[in-house]
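Laboratory data are not the source of any read-out in this text; all were calculated from the coordinates shown. These figures come from a predicted structure and were not determined experimentally.
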Amino acid sequence: MKNIRSLVMVLAALAPFSLDARLAFSDFHGTWRLFYRGNYGYEFSFNRSYRAYCAIRLQGSMLFFRGVYTLDESNNLRINVSEMKNQELGARGKYAPVASSYFIFEARRFKEGGRDFLELRPRTIVINGNNSDGYFEPVIKLAK
């Protein structure tokens with residue numbers, strides 16, 4: 001009986017983060033990061049006013065994207081990008097407006113080892129009307 005109660009408590013705790021759980025906008029709020037050795041990685045920030053910020057570190061340079069985000073019923077996160085900046089290490093870059101630019105990710109939030117994670121799987125990456133699939137890995141596991 002004690003084991004059954006423990007199992008029910010564990011399953012109840014995991015329920016909000018199951019694969020089939022419907023995400024809410026509040027599930028994204030905050031800053032999520034994934035960094036590798038050699039100055040490679042990702043940083044995504046989502047605020048309560050639906051503003052999104054994405055930084056991609058590529059060894060000696062960084063790409064920055066700013067825009068707004070939305071979420072559909074299939075847990076697809078869409079970031080409509082309005083500005084982009086390419087900045088070399090040690091230099092100052094300037095944001096430039098971009099048109100027809102957006103990222104669509106299949107999103108999943110979960111807990112692992114007591115930490116919150118956001119898993120993003122790129123579905124469509126368009127920058128200035130061009131398909132740019134090479135900007136992201138097939139699966140990005142970001143930690144809060």
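A few notes on this one:
- For the chain, the longest principal axis of the C-alpha atoms and the axis of helix 2-14 are separated by about 20°.
- Reported to the nearest whole Å, the Cα centre-to-centre distance from region 51-76 to region 26-49 is 8.
- Read-out mean projected area of the Cα convex hull in nm², derived from the coordinates shown; its label in (i) 8.5; (ii) 8.0; (iii) 10.0: (iii)
- Compactness of region 20-73, expressed as Rg and Dmax over alpha-carbon positions, Å: 12.9, 39
- Measuring nothing but how far apart in sequence close Cα pairs (under 8 Å, 6+ apart) lie, relative to its length, the chain scores a relative contact order of 17 percent.
- Full extension of the chain between Val126 and Ser61 yields a length gain of 21.4 nm, computed as 0.36 nm times the residue separation minus the alpha carbon distance.
- Our summary gives region 34-108 a relative contact order of 22 percent, counting only alpha carbon pairs under 8 angstrom and 6 or more residues apart.
- Secondary-structure-derived ellipticity at 222 nm for the chain, considering helices only, amounts to -3000 deg cm²/dmol, per-run term -39500 (n - 2.57) for DSSP H runs with n ≥ 4.
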